[in-house]
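Asks: Dumping the structure here so I can ask a few things about it.
The values are calculated or read from the model by the stated rules, or taken from the named source; none is laboratory data. Since the structure is predicted, the reported quantities are computational estimates derived from the model, not experimental observations. Here the Cβ positions follow ideal geometry from the backbone for every residue, glycine too, while neighbour counts run over all protein chains shown. When the accessible area is computed, the model is the full protein with side chains, heavy atoms only, and any ligands, DNA or RNA have been set aside. Shrake-Rupley method; radii C 1.70, N 1.55, O 1.52, S 1.80 Å.
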Amino acid sequence: MSNAVCFAPVEEADAVILILGSMPGQESLTQQQYYAHPRNAFWPIIAEITGFVSDIPYADRVRLLPQHGIALWDVLQSCFRPGSLDASIDEASIIANDFQRFFAAHPAVRLVVFNGGKAYQAYQKHVLPGLPDCYRQIERLKLPSTSPANARMNMAEKLDAWLEIRGYL
C-alpha cells in the first residue's frame, strides 16, 4: 500500500462553492496537480461552467478557479491506497481534513460539491459528525465522478449533471 497525502486547497476567502474530491490519484500525485489524469473530465467541465479555456496551463486554472467563487480540496488529508481507485482506500487509514477550520475561514461557502460517491461517503462518515451545526447546515450536492474510472457516463452526461452548480455562482 502507498500513503497518499492531499494537496493544499485552492481557495479564496470569499468562495461560495467548495468542490471536494476524495484523494488525488497517482497521476495527480506525480504531477502535484489536482485532476492531472489526461482523461479526467474535471477541468473541461469546470471550464464549461466558468467560461475559461480548459487547456490553459495548470497554474492559470488554479488561479482562475477562486476568481469564479470556487474552492477546491479533498475530503481526506491522508490514507493508504494502492493505485488510484477510491475503492482501494484502506478505510482504517483515513484521516480527514480539518473542515471546521476551513469553513471558519470561508464563511461565504453555501454549497459543498462532491466529485463522486467516495468523496461524499467519506465526508458523511468522517467529517459531518464532528462539525458544529452551523457547518452541518451547508447544502451538499453529490455529483458524478469526473474520473475516467466512471465509465458508465460519457462526458456530455457528466457535464449535464455538473451544470447544476452554475446557479450558485
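Asks: Since Ala8 meets every condition but one in (1) over 23 Å from Lys125 (Cα atoms); (2) surrounded by fewer than 13 Cβ atoms within 10 Å (Cβ to Cβ), which condition does it not meet?
Replies: Looking at each condition in turn, Ala8 falls short on (1).
Every residue, every condition in (1) under 17 Å from the mean Cα position of the chain (by Cα); (2) closer than 19 Å to Ala122 by Cα, yes or no:
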position: Ser22; (1), (2): yes, yes
position: Thr30; (1), (2): no, no
position: Pro44; (1), (2): yes, no
position: Pro82; (1), (2): no, yes
position: Ser93; (1), (2): no, yes
position: Phe102; (1), (2): yes, yes
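Asks: I'd like the full set of residues that are free of Cβ contacts under 8 Å to residues at least 40 places away in the same chain, touching a helix residue (DSSP H, G or I) at 6+ places or on another chain (Cβ under 7 Å) and among the aliphatic types (A, V, I, L, M), limited to segment 24-45.
Replies: Ala36 - this is the single residue of segment 24-45 that is free of Cβ contacts under 8 Å to residues at least 40 places away in the same chain, touching a helix residue (DSSP H, G or I) at 6+ places or on another chain (Cβ under 7 Å) and among the aliphatic types (A, V, I, L, M).
Asks: Here is a follow-up. Would you confirm whether any residue within segment 53-68 is open to solvent by less than 20 Å² (accessible area, probe 1.4 Å) and assigned to a loop (DSSP other than H, G, I, E, B)?
Replies: Taking segment 53-68 first, the residues open to solvent by less than 20 Å² (accessible area, probe 1.4 Å) are 65-66.
Keeping just the survivors that are assigned to a loop (DSSP other than H, G, I, E, B) gives none.
For segment 53-68, residues open to solvent by less than 20 Å² (accessible area, probe 1.4 Å) and assigned to a loop (DSSP other than H, G, I, E, B): absent.
Asks: Now for a different question. State the number of residues belonging to segment 30-51 that are surrounded by fewer than 18 Cβ atoms within 10 Å (Cβ to Cβ) and more than 17 Å from Met153 (Cβ to Cβ).
Replies: Adding up the residues that qualify gives 7.
Asks: Can you tell me which residues in segment 107-152 are without any contact (Cβ under 8 Å) to a residue 12 or more places away in the chain and open to solvent by less than 40 Å² (accessible area, probe 1.4 Å)?
Replies: Leu128, the sole residue that qualifies.
Asks: Another one. Looking at (1) in contact with a Cys (Cβ under 9 Å, 6 or more places away or on another chain); (2) open to solvent by 40 Å² or more (accessible area, probe 1.4 Å), which one does Val75 not meet, given that it meets all the others?
Replies: (2)
Asks: Sort out which residues of segment 11-26 are open to solvent by less than 70 Å² (accessible area, probe 1.4 Å) and closer than 21 Å to Trp162 by Cβ, and write them in order of number.
Replies: Answer for segment 11-26, where residues must be open to solvent by less than 70 Å² (accessible area, probe 1.4 Å) and closer than 21 Å to Trp162 by Cβ: Ala15, Val16, Ile17, Leu18, Ile19, Leu20, Gly21, Ser22, Met23, Pro24, Gly25.
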